[in-house]
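Undergrad: What follows is a single structure, and I will ask about it in a moment.
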Amino acid sequence: MQSSTLSLYDELAADYETFWPSSSPEVFETLREAGIGAGTRVLDVGVGTGLTAEPLLRGGAVVTGIDPSAAMLGYARKRVPGATLVQGRAESLPFGAGAFDAATAAETFHHLDQPAAFAELLRVVRPGGTLAIWWQTISTEDSLRGHRAAASHDLNLGAVQEPLSRGFRAFYGAPLAERTIRTVPAIIATTVADWMGFERVRADVRESYGARAKNWLDALEGRLLRAYGAPEAKLTVRTLQYIYLGRV
């Protein structure tokens with residue numbers, strides 16, 4: 001993770017804790033089917049505020065979380081006091097070879113030096129262990145995509161690039177014994193105000209639009225208010241969660 005991105009996550013930590021949506025229960029059912037369950041020693045890379053670590057702990061896993069952001073880890077310590085939390089980077093993990101049975105990473109890998117981070121995961125996860133890396137993206141059939149695109153068009157800006165559009169060559173190039181991709185649909189039930197809280201926390205919006213990020217956010221909020229009527233209006237967002245599963 002670059003230092004500018006790290007600084008941004010430190011800045012956004014409080015709002016991230018409030019507005020960032022967690023992965024759906026179906027994701028964690030998929031992880032259990034892949035062997036990540038009770039007693040599994042799991043390394044959660046990019047643990048953030050603990051949104052992934054929390055359900056893993058409830059399922060009986062022994063969780064260690066790592067994140068470069070001290071501010072994010074501050075919230076994680078409150079959310080998941082049962083986890084071991086370490087400040088550090090995925091590209092240089094402070095753990096021994098084969099220290100974990102599995103590793104997870106949610107909404108994180110696009111910020112990393114992927115080949116270096118993947119090499120480290122292959123080192124610290126034991127042979128036969130599991131890697132699970134995933135992203136959540138809005139379904140192409142959901143109207144919110146149209147509102148986002150229209151807000152960009154209003155300001156003569158290009159669309160924010162989806163993390164998955166950058167590819168995941170490290171996954172396909174890694175010497176994994178097995179690899180599988182699972183697509184898990186989900187629905188986020190929220191309000192216009194809370195969804196805009198999430199939009200304001202998206203680091204990729206800041207990175208793509210820089211000084212004009214606030215203009216884009218204001219334009220999107222205006223479109224949603226015109227479409228739904230009020231900040232407290234109910235909003236349903238259809239998403240797809242892409243889970244990359246690898247066997248070491």
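Undergrad: (1) crowded, with 17+ Cβ neighbours inside 10 Å; (2) closer than 18 Å to Ile138 by Cβ; (3) touching a strand residue (DSSP E or B) at 6+ places or on another chain (Cβ under 9 Å); (4) not small (Gly, Ala, Ser): which one isn't true of Thr191, the others all being true?
TA: Here Thr191 meets the rest and fails (1).
Undergrad: Is there a residue in region 81-100 that is modelled with pLDDT of 95 or more, out of contact with any Ser or Thr (no Cβ under 8 Å at 6 or more places or on another chain), charged (D, E, K, R) and under 18 Å from Val125 (Cα atoms)?
TA: Yes, region 81-100 contains at least one residue that is modelled with pLDDT of 95 or more, out of contact with any Ser or Thr (no Cβ under 8 Å at 6 or more places or on another chain), charged (D, E, K, R) and under 18 Å from Val125 (Cα atoms).
Undergrad: So which residues in region 133-157 are exposed (fewer than 11 other Cβ atoms within 10 Å of the Cβ) and either touching a helix residue (DSSP H, G or I) at 6+ places or on another chain (Cβ under 8 Å) or acidic (Asp, Glu) (or both)?
TA: Within region 133-157, just Glu141 meets the criteria.
Rundown of residues vs (1) more than 22 Å from Ile181 (Cα to Cα); (2) of a type in the set (Val, Ile, Thr); (3) loosely packed, with under 15 Cβ neighbours inside 10 Å, yes/no style:
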| residue | (1), (2), (3) |
| --- | --- |
| Gly39 | yes, no, yes |
| Leu57 | yes, no, no |
| Phe100 | no, no, no |
| Thr108 | no, yes, no |
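Undergrad: Within region 54-87, how many residues turn out to be touching a helix residue (DSSP H, G or I) at 6+ places or on another chain (Cβ under 7 Å) and in a loop (DSSP other than H, G, I, E, B)?
TA: Of the residues in that region, 6 qualify.
Undergrad: When you look at Thr49, is it within 19 Å of the chain's Cα centre (by Cα), over 15 Å from Leu131 (Cα atoms) and hydroxyl-bearing (Ser, Thr, Tyr), yes or no?
TA: Judged against the criteria, Thr49 is a match.
Undergrad: Which one of the conditions (1) at pLDDT below 95; (2) of a type in the set (Val, Ile, Thr); (3) touching a Ser or Thr at 6+ places or on another chain (Cβ under 9 Å) does Thr190 fail to meet, given that it meets all the rest?
TA: For Thr190, the failing item is (1).
Undergrad: Also, I was wondering about something else. Can you tell me which condition Asp44 does not meet? The list is (1) charged (D, E, K, R); (2) in contact with a strand residue (DSSP E or B) (Cβ under 8 Å, 6 or more places away or on another chain); (3) farther than 17 Å from Gln136 by Cβ, and all the others hold.
TA: For Asp44, the failing item is (3).
Undergrad: If I go through region 26-53 residue by residue, how many of them are touching a residue at least 60 places away in the same chain (Cβ under 8 Å) and not in a loop (DSSP other than H, G, I, E, B)?
TA: Matching residues across region 26-53 total 9.
Undergrad: Among the residues in region 11-25, are any crowded, with 18+ Cβ neighbours inside 10 Å, outside any helix (DSSP H, G or I), free of Cβ contacts under 8 Å to residues at least 40 places away in the same chain and out of contact with any Cys (no Cβ under 7 Å at 6 or more places or on another chain)?
TA: No, because not a single residue in region 11-25 is crowded, with 18+ Cβ neighbours inside 10 Å, outside any helix (DSSP H, G or I), free of Cβ contacts under 8 Å to residues at least 40 places away in the same chain and out of contact with any Cys (no Cβ under 7 Å at 6 or more places or on another chain).
Undergrad: Are there any helices (runs of 4 or more DSSP H) wholly within region 159-248 with 3 or more residues that are in contact with a helix residue (DSSP H, G or I) (Cβ under 7 Å, 6 or more places away or on another chain), and if so which?
TA: Per the criteria, 192-201, 203-209, 213-228.
Undergrad: Please tell me if Arg123 is modelled with pLDDT of 95 or more, assigned to a helix (DSSP H, G or I), more than 22 Å from Ala13 (Cα to Cα) and of a type outside the set (A, V, I, L, M).
TA: yes
Table: residues versus (1) touching a strand residue (DSSP E or B) at 6+ places or on another chain (Cβ under 7 Å); (2) small (Gly, Ala, Ser).
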{"site": "Gly35", "(1), (2)": "yes, yes"}
{"site": "Leu57", "(1), (2)": "yes, no"}
{"site": "Lys78", "(1), (2)": "no, no"}
{"site": "Glu91", "(1), (2)": "no, no"}
{"site": "His111", "(1), (2)": "no, no"}
{"site": "Val125", "(1), (2)": "yes, no"}
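Undergrad: Could you list, in sequence order, all residues of region 194-236 that are surrounded by fewer than 13 Cβ atoms within 10 Å (Cβ to Cβ) and either among the hydrophobic types (A, V, I, L, M, F, W, C) or touching a Gly at 6+ places or on another chain (Cβ under 8 Å) (or both)?
TA: Ala211, Ala230
The values are calculated or read from the model by the stated rules, or taken from the named source; none is laboratory data. Because the structure is a prediction, the values reported are computed rather than measured. So basically every Cβ, Gly included, is an ideal-geometry build from the backbone, and we count neighbours across all protein chains shown.
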